[in-house]
Amino acid sequence: MSDKTHQPRSLLDTWVKDNNSLVDKWKQQERGGDSVRRDRIQPDFRCYSTDFQKLLTKVQGVPPLAAHAQVGLTVTYNACVFLAAQSRFSEAELLLTRATAKALQLKEDDPVSEPPVFWRAVLKSVGGGYLSSSVQPLLCLQWGIWLGTCKLTLIQEFQDERSALLEMLSNGAGDCRSERTGNISDTPLLVTDPRGLLQLLQICTLITQGAERLSEGQSSEALSDLQTASSLPAPRSLVASSHLLSGACLAQMSCPQMALQCYRKALETDSRCVCALYRSMLIYKQLGNTQAEIQALRLLHSTLMLPTEPVAAGTDLFSPSLLLCSQSLNSLLLVPSALSVLHTLAHKCVLHGRVSEGVEYYLDLLATLQSGDQHGVRSERPSLPRLPELYLEAGAALLMARRPADCMAVCDEVISLTLELLPDKLVLEDPEETPERGSRDVCAEVEEKMATLLWAGAAYLLLGHCHTHLKDWKQAVTEYTRCINLLVKVRFKKRDFQPQIVIADMAGKQAAGLCVLQRLKGLSLAGRGICFSQTDQLREALRDIQLSLHAIPDCVSAGLWCGEVLWRLDRRREAAACWEQTWSFDTQPSAESLSLYLQEPTSGPLLDSMDLRHRIKELGPTVSS
């Protein structure tokens, strides 16, 4: 009889020893001191999960005894922790429910029943007995699996059980067998302390729940969750995230200044919280504080360019990134790429009086893209305009900075890249009339040809502006004419189609291309007309400028110069009416919405509005007639 009782005891001791040996091995590796990235320790996770599952198979392979239950539940916890650490949540949950049901001798159909039914049956089964402390870590783990798979509804259904679990573990009543507290060889150890996991689960759940409610427009409820989260003990990055999302709630509630305070708290908590910088920039933009917006963009770019700090291996069993994976949260934490931020910064600086600074940013951007060897350049390109467009924007910025020679060099580069690709003619069709078979390929080919033609046209336009700036009127006329000659290669299949009008049902890219074409045509005609006016070719000047106004009715420079040419032709009443109409324009496109090379030139011959108003005044009061 003594042999029969000795055998289970020996098995139990062996299983506990094997479990603890694996735990000790992991703890030793965890405390190794080397900082490694998560992808380098994934193979170790796989090895440990396999070893613990093999041990669990042994424990479950003998007739169930009460003495085996605690060991079985502990090994189950350890095996599932390593599965979850690899994001193998479905495997971990299946193993968790099956092993728990077997250890507690639940009915066969319980593992496949609904999770709330199963876990309430588990809790009822153990009650306040000695196995209660072994089940608590498993419920923590189940909570983590639900959170990692974004099953917030299940987590909310277990509100009462979660509260009881928090109270028990926070009061020290839980199972803390993650470290040896003495020479207790018959106590199976846990691979990680459930109390630490519980703290992480609590704040991550509040953050995820707050993000979901915020995305649904429930700002007040979300703010309550996030303010609770920010008061909990947690890693700095998580507390910073709770401040950040609190700011997003306040921004949605139209409290921008309070939102800025939350973003400031997020940055004070964690200086690498780049999303706080990005959202601060958006608030400054909303408030119209351009200088603060530019400063935030500069800081954001600098922060994004810092090297990523390696993650310590000891924090990787249940890292926040493993639990914070909801789509709503990810979209709220989304930040543009470093190159995209640099492009926005360059554009903002040029448009708001910091032209020289903006030029340097553009040149840095082009240098980074040309080098091609910087980390992330290729993956970030889709978020930027095409390379020829960036060249053209940089060229326009250089001209605004009074560097026409550099602008011409950039434009020559664009022309050399596109010259051999320019079509002899380009026929645009109504997308609805394009045959279905191969229509996508045809549309893509037409769009590419259109883009190439527009880039070359814009380069010639900028060259015309450069020569106008240098008062080389003859060469300027040549460049503007080259631009016009390219643009008229675009033909429309329908005879009654008006190229100046973008019809509502046209495809998005084609409509955008026609808008650019129309603006390029208007600006080149205006530029050529102004050059003709400088060489006293007034009839030609008036013709081109009026055609320009037909293409861009709200072009200020064309309107003013049309009046000037009319004045010189001794049609002074018409000139005065033209000036008055130009000053009344209230539909000017926002400079923010236009590429730099599509803006009206700021250099070249300019007219003084005060002088024009003085002329009208001297002309007399009958202008309106």
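Run down SER163, SER185, SER134, SER170 and say which single residue is farther than 15 Å from VAL81 by Cα and at pLDDT 80 or above. The unique qualifying residue is SER163. Annotation note: of ASP373, ASP412, ASP406, ASP424, the sole residue that is modelled with pLDDT of 95 or more and surrounded by fewer than 14 Cβ atoms within 10 Å (Cβ to Cβ) is ASP412. The one condition from (1) over 36 Å from the mean Cα position of the chain (by Cα); (2) at pLDDT 95 or above; (3) farther than 30 Å from ASP536 by Cα that LYS471 does not meet is (3). The combined condition, being closer than 16 Å to LEU387 by Cα, small (Gly, Ala, Ser) and out of contact with any His (no Cβ under 6 Å at 6 or more places or on another chain), is fulfilled by SER340.
Please give the helices (runs of 4 or more DSSP H) falling wholly within region 193-298 in which 2 or more residues are touching a strand residue (DSSP E or B) at 6+ places or on another chain (Cβ under 9 Å) and surrounded by fewer than 20 Cβ atoms within 10 Å (Cβ to Cβ).
Working: elements: 194-215, 219-230, 236-252, 256-269, 274-287.
Here the list is empty.
Could we say that ARG279 is of a type outside the set (A, V, I, L, M, F, W, C), touching a Leu at 6+ places or on another chain (Cβ under 9 Å) and modelled with pLDDT under 95 here? So ARG279 fails the test. One residue stands out in region 325-337 among those that are in a helix (DSSP H, G or I) and among the aliphatic types (A, V, I, L, M): the one that is farthest from LEU390 (Cα to Cα), namely LEU329.
The values are calculated or read from the model by the stated rules, or taken from the named source; none is laboratory data. Computed from a predicted structure; not experimentally measured. A quick note on method: Cβ atoms are made from the backbone with ideal geometry, for glycine too, and the neighbour counts reach across all protein chains shown.
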